[in-house]
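Q: Sending over a structure as structure tokens; questions will come in a sec.
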Amino acid sequence: MNKQLLILLLLTFTCLSAIAQELNKSYDAKLAKELGADENGMKTYVMAILKTGTAKDYSRTKQDSIFKGHMANITRLVKEGKLIVAGPFDQNNKNYRGIFIFDVATIEEAKKLVDTDPVIQSRLMDVDLFIWYGSAALKETVKIHHLIEKHSH
């Protein structure tokens, strides 16, 4: 009886494994390669968490100028294909201000990009960087965002 149960469990596991390994009929190898996707449709990015910095003594006019430069820097990084997601957080008790998701493989590469941002240079914001594993399709967001943005920047 134990031998029959073992054989039944082994067959069940084998069948489940075969089902789990079934190929996706919609799989587009060319697109997967273009986006840098692995077999799971995923890839490595670097996520930046922007948070309130240590600088406190800038005038309102100077802060506005720094944030204008911040937005210009975001636009430049998007056009270069390095920044694929950016956006602010709602007010919170952690002093988190926003995120960037960079299409780079290392923290060092992302650090160089973040260091070009006026809000980081001025210390109005600080940043923490993390390796993040997410859908390679995320890169497609940049290609379609302008189609849903009512006012261009």
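The values are calculated or read from the model by the stated rules, or taken from the named source; none is laboratory data. Given the structure is predicted, the values throughout are model-derived calculations rather than measurements. Backbone-built Cβ (ideal geometry, glycine too); neighbour counts: all protein chains shown. For the accessible areas, the whole protein counts, side chains as well, though only heavy atoms, and no ligand, DNA or RNA atoms are used. Shrake-Rupley method; radii C 1.70, N 1.55, O 1.52, S 1.80 Å.
Q: Give me a count of the residues in region 95-105 that are open to solvent by 40 Å² or more (accessible area, probe 1.4 Å), closer than 23 Å to residue 135 by Cβ and not aliphatic (A, V, I, L, M). Quick ask: steps written out before the conclusion?
A: Going residue by residue through region 95-105, those that are open to solvent by 40 Å² or more (accessible area, probe 1.4 Å) are 95-97, 105.
Filter once more, so that each one left must be closer than 23 Å to residue 135 by Cβ: 96, 105.
Going one step further and asking which of them are not aliphatic (A, V, I, L, M), we end up with 96.
Counting residues in region 95-105 that are open to solvent by 40 Å² or more (accessible area, probe 1.4 Å), closer than 23 Å to residue 135 by Cβ and not aliphatic (A, V, I, L, M) gives 1.
Q: Give the residues of region 33-57 that are open to solvent by less than 70 Å² (accessible area, probe 1.4 Å) and within 22 Å of residue 95 (Cα to Cα), sorted by residue number.
A: Within region 33-57, 46, 47, 48, 49, 50, 51, 52, 53, 55 meet the criteria.
Q: Quick one: is residue 92 over 20 Å from residue 43 (Cα atoms), open to solvent by less than 90 Å² (accessible area, probe 1.4 Å) and free of Cβ contacts under 8 Å to residues at least 24 places away in the same chain? Show your work before the answer.
A: Details: over 20 Å from residue 43 (Cα atoms): yes; open to solvent by less than 90 Å² (accessible area, probe 1.4 Å): yes; free of Cβ contacts under 8 Å to residues at least 24 places away in the same chain: yes.
So residue 92 passes the test.
Q: Identify the single condition in (1) in a helix (DSSP H, G or I); (2) touching a residue at least 60 places away in the same chain (Cβ under 8 Å) that residue 65 does not satisfy, given that it satisfies every other one.
A: It is condition (2) that residue 65 fails.
Q: Can you name the residue in region 121-153 that is within 20 Å of residue 109 (Cα to Cα) and of a type in the set (Asp, Glu) and, of all such residues, is surrounded by the most Cβ atoms within 10 Å (Cβ to Cβ)?
A: Ranking the qualifying residues of region 121-153, first place goes to 126.
Q: If you don't mind, there's one more thing I want to ask. Looking at 86, 110, 72, can you tell me which residue is free of Cβ contacts under 8 Å to residues at least 24 places away in the same chain, surrounded by 17 or more Cβ atoms within 10 Å (Cβ to Cβ) and either in contact with a Gly (Cβ under 9 Å, 6 or more places away or on another chain) or not β-branched (Val, Ile, Thr) (or both)?
A: Details: 110 fails: free of Cβ contacts under 8 Å to residues at least 24 places away in the same chain; 72 fails: surrounded by 17 or more Cβ atoms within 10 Å (Cβ to Cβ).
Criteria check complete, one pass: 86.
Q: Where in region 84-150 are there helices (runs of 4 or more DSSP H), lying wholly inside it, with at least 2 residues that are under 13 Å from the mean Cα position of the chain (by Cα)? Lay out the reasoning, then the answer.
A: Working: elements: 107-114, 118-121, 140-148.
In region 84-150, 107-114, 140-148 are the helices (runs of 4 or more DSSP H) which contain 2 or more residues that are under 13 Å from the mean Cα position of the chain (by Cα).
Q: Another one. For a quick check of your reading of the model, give me the residue pairs whose first member lies in region 122-144 and is touching a residue at least 12 places away in the same chain (Cβ under 8 Å) and over 18 Å from residue 98 (Cα atoms), whose second is of a type in the set (Val, Ile, Thr) and surrounded by 14 or more Cβ atoms within 10 Å (Cβ to Cβ), with beta-carbon atoms closer than 6 Å and at least 6 apart or on different chains.
A: 133/44; 139/84
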